[in-house]
Amino acid sequence: AHEEGRWVREAALAYAEKVENLDFLALTDHSNYFDSTTNLATFDNPNSGLMSTVKPEMSKWAYYKSLFDDYTKEDFLAIYGYEMTWSGGPGHINTFNSDGIVSRNNPTLNTKNGVGLKAYYELFKTQPNAFSQFNHPGSTFGTFDDFAYNDPAIDNEINLIEVGNGEGPVGASGYFPSYQYYTQALDKGWHLAPSNGQDNHKGNWGSANTTRTVVLADSLTLGSLREAIEN
């Protein structure tokens, strides 16, 4: 039961569902965890990429997504997504509610000088039910080529930007504010809502600090959350 690191994901869910005033938890693994250069995953096939060692009939991506679905209850929503990263590239992007996944193991998507980022944007437009977030913008990980390549179609798909990130207390060294990049993205024409992510690798998921991402939704379902975020 503890193969593939399943235990830490289950520990995060079991902890977070008991945290006061926490209705949902989103967890994202780096997308290159789910495939390789010889077993590339694709958006249109949730069972593509590397296969699970726990349930060999499923991909690693499909297996973990099903695990989070199983933890979702009437009063707690467990959301599993992935983090698209680039090797020394423009930034990191969290994506939720996609069918399959893609990663930097795809050589086209990992191409430098904006080519890979633009290719990801074009590919992501094929996922109408998915939504994404610009993660921890700044000098460390990147500002998405100064928030370039915006067009109405991709603007509709990327709805969130982190204004703070980290599991440390606000104001301490483990928390990284990025408010100015929210303004910068808006100035570039993006329509985004601010979010806070713990990016938590240390435990106390959901209660490690006082930050929250608040969503005013009609119900505690992923579809309702997505609609509210898009609005």
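The values are calculated or read from the model by the stated rules, or taken from the named source; none is laboratory data. Note that the coordinates shown come from a computational prediction; the quantities given were computed from them, not determined experimentally. Here the Cβ is made from the backbone with ideal geometry for all residues, glycine too, and neighbour counts use every protein chain on show. Ligands, DNA and RNA are stripped out before the accessible areas are found, and what is left, the full protein with its side chains, is counted by its heavy atoms. Shrake-Rupley method; radii C 1.70, N 1.55, O 1.52, S 1.80 Å.
For region 146-155, 3J(HN,Hα) computed residue by residue from phi via the Karplus equation (6.51, -1.76, 1.60; θ = phi - 60°) reads 6, 6, 8, 6, 6, 8, x, 5, 6, 4 Hz, glycine and proline entered as x. Of all the options Pro152, Pro90, Pro177, the one that moves most in a Gaussian network model of the chain with Cα springs shorter than 10 angstrom is Pro152. The amide H of Leu77, built 1.01 Å from its N in the peptide plane, has Phe24, Leu25 as neighbours under 5 Å, considering only residues 5 or more places off or on other chains.
Sequence-distant contacts, meaning Cα pairs under 8 Å at least 6 residues apart, place the relative contact order of region 99-161 at 33 percent. Normalised by 2.2 N^0.38 Å, where N is the number of residues, the alpha-carbon radius of gyration of region 1-104 equals 1.09. Per-residue extension of 0.36 nm, minus the Cα-Cα distance of Ala119 and Ala172, leaves a gain of 15.4 nm for this segment.
Only helical runs count toward this figure. For the chain, summing -39,500 (n - 2.57) over DSSP H runs of n ≥ 4 and dividing by all residues gives -7500 deg cm²/dmol at 222 nm.
When Asp75, Asp146, Asp23 are compared by accessible area of protein heavy atoms, the largest-first order is Asp75, Asp23, Asp146, using a 1.4 Å probe.
Here, region 184-231 has an Rg and a Dmax of 13.6, 36 Å when only alpha carbons are counted.
Ignoring ligands, DNA and RNA, please state the percent of accessible area on the chain from carbon and sulfur, probe 1.4 Å. Carbon plus sulfur share of accessible area: 51 percent.
Of all alpha-carbon pairs in region 40-85, indicate the percentage at a distance above 16 angstrom.
Pairs farther apart than 16 Å: 43 percent.
In plain terms, the chain from Ser87 to Ala14 could stretch by 23.0 nm, reckoned as 0.36 nm per residue minus the Cα-Cα distance. Backbone geometry of region 115-126 corresponds, through the Karplus equation with coefficients 6.51, -1.76 and 1.60 at θ = phi - 60°, to 3J(HN,Hα) couplings of 5, x, 5, 5, 5, 5, 4, 5, 5, 5, 5, 7 Hz, x marking Gly and Pro.
Listed by chain and number, the aspartates and glutamates whose alpha-carbon sits under 15 Å from that of Lys112, ignoring those within fewer than 8 places in the same chain, are Asp145, Asp146.
The phi-based Karplus calculation (6.51 cos²θ - 1.76 cosθ + 1.60; θ = phi - 60°) puts the 3J(HN,Hα) values of region 218-231 at 6, 8, 8, 10, 5, x, 5, 4, 4, 4, 5, 5, 5, 7 Hz, whole numbers, x for Gly and Pro.
I'd like to check one number: the per residue accessible area of region 27-73, probe 1.4 Å, reported in Å² as a whole number.
Solvent-accessible surface per residue comes out at 48 Å².
Compactness of region 49-153 was expressed as the Cα radius of gyration divided by 2.2 N^0.38 Å, which yields 1.18.
Charged neighbours of Tyr175, selected by a Cβ distance under 15 Å, balance to -1 (K, R count +1; D, E count -1).
Sorting Lys112, Lys125 on solvent-accessible area from highest to lowest, probe radius 1.4 Å, gives Lys112, Lys125.
Of all the Cα-Cα pairs you can form in region 158-206, what percent are over 14 Å apart?
52 percent
Using equal-weight Cα scatterers in the Debye expression, the normalised intensity of region 60-216 in log10 at q = 0.11, 0.21 Å⁻¹ is -0.45, -1.55. Close amide H pairs (under 5 Å, H built 1.01 Å from N) link Ala193 with Leu160, Ile161, residues at least 5 positions away or on another chain.
Hydrodynamic analysis of region 111-189 uses the Kirkwood radius over alpha carbon pairs. Inserted into Stokes-Einstein at 25 °C and 0.890 mPa s, it gives a translational diffusion coefficient of 180 µm²/s. To the nearest 0.05, what FRET efficiency results for Asn39 and Ser139 with a Förster distance of 35 Å applied to their C-beta separation? So the FRET efficiency works out to roughly 0.55.
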